[in-house]
Amino acid sequence: MKLHDLAPNTGAKKSRKRVGRGIAAGQGKTAGRGYKGQKSRSGSGGALYRQGGNLPFFRRLPFMRGKGMRVRNRINYNEINLDQLAEAFKADAEVTPESLKEARLLRDDRNPIVVLGRGEVEKALKVRVHRVSKGAQEKIEAAGGSVELIS
C-alpha cells in the first residue's frame with residue numbers, strides 16, 4: 001500500500017449542502033431559514049450576550065462584585081477554643097498540631113492553627129501552635145501553662 005492508495009471509507013465524507021440554488025434543489029428561495037425575522041437575515045444574529053429583552057445570562061449569575069470581595073492571600077486557620085482544649089487534653093499535656101490531629105479537633109490539617117479564648121482552662125497546658133489570641137494566652141498562662149508560637 002502506498003500513500004496515493006489511502007482514501008477515507010465510503011460514506012465517511014459528505015459534500016456540503018448547497019442552499020439557495022433554485023426551488024428544484026429542495027433548499028432554494030429562503031435556503032432553509034424560513035421567512036422574515038432576525039435569523040433569516042445575513043449577519044451574526046446579535047451579540048452572544050443579547051437575549052431579546054431578557055436579563056442577560058451573565059447578569060443573572062450571582063457573582064461577587066466590588067472591591068475586597070475576594071481576598072487573594074487569605075489564610076484559613078483551624079480555629080480551636082479553650083473549652084475544646086480543656087475537654088480533649090489532660091493536665092501538663094503538650095498541645096501541638098500532631099496532638100490536635102490525633103484528638104480530631106482540626107478541620108483541615110494542612111491549615112495553620114489559632115487558639116481562641118472561648119471557655120476556661122484550669123489545667124496547665126504546653127501550647128505550641130501558629131497563632132494565639134491575647135485573651136487565650138492570658139488564660140493559659142494564668143492556669144500555669146505556656147504558649148509557644150511556631151511558624
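Structure values in brief
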item	result
Of all residues making up segment 1-26, the number that are closer than 30 Å to Ser40 by Cβ, over 51 Å from the mean Cα position of the chain (by Cα) and assigned to a loop (DSSP other than H, G, I, E, B)	3
Filtered residue count, segment 80-105, keeping only those that are under 35 Å from the mean Cα position of the chain (by Cα) and of a type in the set (D, E, K, R)	6
Tally, over segment 97-151, of residues that are of a type in the set (Lys, Arg) and within 15 Å of Asn78 (Cα to Cα)	7
Among (1) more than 30 Å from Phe58 (Cα to Cα); (2) open to solvent by less than 100 Å² (accessible area, probe 1.4 Å), the one test that Ala47 misses	(1)
Selection within segment 18-35 - open to solvent by 60 Å² or more (accessible area, probe 1.4 Å) and hydroxyl-bearing (Ser, Thr, Tyr)	Tyr35
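The values are calculated or read from the model by the stated rules, or taken from the named source; none is laboratory data. Keep in mind that this is a model prediction, so the values were computed, not measured. FYI the Cβ positions are ideal-geometry reconstructions off the backbone, even for glycines, and counts take in every protein chain you see. Please note that ligands, DNA and RNA were not included when accessible areas were found on the heavy atoms of the full protein model with its side chains. Shrake-Rupley method; radii C 1.70, N 1.55, O 1.52, S 1.80 Å.
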